[in-house]
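The values are calculated or read from the model by the stated rules, or taken from the named source; none is laboratory data. What you see is a predicted model, and the numbers here were worked out from it, not measured in a lab. Cβ coordinates were reconstructed from backbone atoms using ideal geometry, including for glycine residues, and neighbour counts include every protein chain displayed.
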Amino acid sequence: MSEPAETPAQGQPPGSPDNPEDVMAETRVMLRRVSLAVLAFFVVAVVIFWLGWVRAPSPEQICKHKIELVVETAGQQQDEGADALIGQLEAKCVAAARRKIQFRGKLVYAKYAKCVIAATTLAEAERC
């Protein structure tokens, strides 16, 4: 009886490009590289998203800036009114900013916080 015909893969040495085991190994390596590249892309995208849109000044920083704006706006003549307004701001500002984060979300808060920090007058800060 005759022996079955050898397929090209059976007679191939291990280093030849047509060896199916080598082709599978190369395919696995290529898929790993592609998946690592995709994963790296998503990690970079998340970091950029966080730094660009979500990261914002803390409620304490916002309130400190608002108090500075009140002091600048009030001037020497309105010390009593400014002191009363500063007292109200100190008492309620941080709590209000934290409520804003809780109820509206981190993205909306970030937009608000950046607007307040960029404001140069108290009126601009209140429009945010």
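Residue-level analysis places residue 62 outside the set of residues that are of a type outside the set (Lys, Arg), out of contact with any strand residue (DSSP E or B) (no Cβ under 8 Å at 6 or more places or on another chain) and modelled with pLDDT under 90. Taking helices (runs of 4 or more DSSP H) that do not extend beyond segment 66-128, which have at least 3 residues that are surrounded by 11 or more Cβ atoms within 10 Å (Cβ to Cβ) and of a type in the set (Lys, Arg)? Result: 79-104, 106-118.
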